[in-house]
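The values are calculated or read from the model by the stated rules, or taken from the named source; none is laboratory data. In this text, all values refer to a predicted model and were calculated from it rather than measured experimentally. Reconstructed Cβ throughout: ideal geometry from the backbone, glycine too, with neighbour counts over all protein chains shown. Heavy atoms of the whole protein, side chains included, go into the accessibility calculation; ligands, DNA and RNA do not. Shrake-Rupley method; radii C 1.70, N 1.55, O 1.52, S 1.80 Å.
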Amino acid sequence: MGTILSSDGKPPSGKSRSGREPGGPAKGPAIDPVLIAQIRHRLAEGKQVRRSLGGRGRLHVDRELPFLCVYRPPAKNDPGTDQLVTGEASYLILPKSASEGSVRRLVTPIAETMVEKFGAFLLVEIWAKLDSGSEADPRAIDVAPVIEVFRPATTDLDNTIEVLVRQLAKIGVQKQSVQVRTQAWESVTAGGVRPLVPSNWAKQLGVHSIGIAVPPVYRDETQPDTPLFPLLLRTLRSRLGLALRRAFYEFARTRTTHRPPHYHELGRRAVVKAVWQVDGQLAEVSRQFDYLLSITPTNTGDAWARFKRSRFEHAPEFHYLPLPFDPPTLKRALFQIPVERIEDPALATIFTEKQDELDRMITMLADRNTSRFVLGSLQLFGNVSEELRSTALYLLGELSPRSSRGSSRPSVSAEAFVARAEREFEYYRAIDPSFTAKARVTSKVAGVMVSRGKLLVGRTVELAESRVDPLLQHEVGTHLVTYYNGLAQPFRQLASGLAGYEELQEGLAVLAEYLTGGLTRSRLRQLAGRVLVVTLCVDGASFIDSFRVLVDGHGFSRTSAYNITMRVYRGGGLTKDAIYLRGLENLVRSLRSVEQLESMFIGKAAMRQLGVIEELRHRGVLIAPPLRPRFLDWPGAAERLTKLLRVDFSIRDLIDELSTRASSRGSSRGARRPE
């Protein structure tokens, strides 16, 4: 009963077919019986279990679930393999020296409790193929690694196995898709050891077992100390976890009474102490500086006056606030943050990306006014693709400079704009009292911007009435709403911003202008002009050259050309301004439903992270955003959004609409505020 049999019914000789040394925890000290009794009691009460079992052993049962992932350390050194199970909501890492009897006394009550709850239970044991035998080196990039799935010969798990194999086959290692082989064994275990649950008892009770032998591509076994490849291990762990979750979902749906609405519902919900520590430490590093304020010139007005006096022949010199931190010291603090301790693959990914982004930001700020600044900007915000450059030139060619210059209209001062913003704040405070945003006039900025939940308005700002509401929806309805929605989440990073969040943020903000009827021809020309100047800056053009291209080549006024060029050349070359048009274009291209749009306001995240955000929402880690942007209910917004949701709609299609709107704007000076 305790020996693994091959498919022909004969016991394997020597090493198991998985390449694993026979043996395992057949001998050794028992797991503390008092601890086992405590675990049994907590499971019976439906409580979470997270216990150290001595040595490197650990049990984590997030909540009542019909599965358990198990890792049993072999006699040989096996670094990294235990991490393949730690991302799951229910896992067990056994102590290397645990006795066989105590292991069964630990696993049995878990299985009994879950079978009573769900009608069936699945044990998935994962181990490394410690000897590839005659197979080629699994780390070689020209040889596809092989994952072996061991399935029971006497139980019906066809659907679960089929899903598991299909999902495992999607895993890529070193640009190679893995091969998946299945084998039927009478008793599925980690090679040569007795089953965790005796096969006759398991069959009677409704406990099913699957084994997965994984090639150890995440380490170099040719070296004596077998060093790990952390990035490869992280990737494999994440993709294996996704395959397991799909299989758990199929097992639950077909073999148990559990009916999760989505496979992500079977992921981890409990957030351990290490996550809160990392989140808080990253937020503390981010709090040491305000990135946008640090690269915003403090003398734009004086620089413009000097530029005019030079008859636009001498490039302006910009001044900045002094840095409030020492870059090497702050970087030391940044990389002391133990992101690697986070077990959850989804959370580990977003925190690791944020750590990397903060590192690049600190480097950029230290490189202000040097040739290195633009290189850092390209790393953070990317360059302009040929497709985006073509779109920008098309817009500049089709949108006449004359048509974008309207007749003079009453101006709204900075103080009046702040008063309008305060009324907008009242709207959101009535929905959620925790919306405590403030607006103030300041000489530190030249335009309008949001910084850490505050709306900053430059003292010299004057706006046309028609731009007030669209700009409020841009800054308040997007940037402040996502900030406060992020604050409502358990992680501070969704308020300060996940790595690369700016492109989606600015795409949403420009979309807000469109949905309120405030995306004018002049505004679209401005965004296209920014893209053009970014390409010129990256290609080595001077400030004067780019300024003249806008004025002489595309009909911009000198004031507009100066503002666009200043924004791009600040700090030494900031490519960020290309993301407004790029963000809008990518958003329009990917947007498929109103519900998808609303989910983007959960906090400040990048488009590539929306899948992780959705996963965390299904798992109950994140909550629904408390604030809904006001511009989604603006008069005419639903019709405009319906138009955007057309599969074939593009940014270029906006030109005809803007032309029609401009010709009928006579009596209507701007979007009307909803009551």
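For the reader, a short list of remarks on this structure follows.
- Once both labels are positioned 7 Å from their Cα atoms along Cα-to-Cβ, the gap between Ile655 and Arg50 label points is 5.7 nm.
- Computed E for Asn77/Ser177 - FRET, C-beta separation, R0 30 angstrom, nearest 0.05: 0.55
- The chain: Cα Rg divided by the 2.2 N^0.38 Å rule of thumb: 1.14
- For Gln183, distant residues with modelled amide H under 5 Å away: Val149, Phe150, Arg151
- Residue by residue, the stretch 286-296 carries 3J(HN,Hα) couplings of 4, 5, 5, 8, 10, 4, 5, 4, 5, 10, 9 Hz when phi is fed to the Karplus relation 6.51 cos²θ - 1.76 cosθ + 1.60 (θ = phi - 60°); x denotes Gly or Pro.
- Full extension of the chain between Leu378 and Thr642 gives 91.6 nm of extra length, using 0.36 nm per residue less the Cα-Cα distance.
- Solvent-accessible surface of the chain, averaged per residue with a 1.4 angstrom probe and all protein chains in place: 42 square angstrom.
- Per residue of the chain, the DSSP helices (runs of n ≥ 4 H) give a summed -39500 (n - 2.57) that works out to -13500 deg cm²/dmol at 222 nm.
- Residue-wise HN-Hα couplings along the stretch 544-551, as the Karplus relation 6.51 cos²θ - 1.76 cosθ + 1.60 with θ = phi - 60° gives them from phi, are 4, 4, 5, 4, 5, 4, 5, 6 Hz; Gly and Pro carry x.
- HN-Hα J in Hz across the stretch 648-657 - Karplus 6.51, -1.76, 1.60, θ = phi - 60°, x for Gly and Pro: 9, 6, 9, 4, 5, 5, 5, 4, 4, 5
- The amide H of Phe67, built 1.01 Å from its N in the peptide plane, has Leu122 as neighbours under 5 Å, considering only residues 5 or more places off or on other chains.
- For the stretch 398-503, taking Cα atoms only, Rg and Dmax work out to 15.6, 50 Å respectively.
- When both bridge partners sit in the stretch 418-500, DSSP labels roughly 45% of those beta bridges antiparallel.
- For the chain, with all protein chains in place and a probe radius of 1.4 Å, 49% of the accessible heavy-atom surface sits on carbon or sulfur.
- The amide H of Val173, built 1.01 Å from its N in the peptide plane, has Val178 as neighbours under 5 Å, considering only residues 5 or more places off or on other chains.
- Over the stretch 458-545, the hull volume per residue, using the convex hull of the C-alpha atoms, is 141 Å³.
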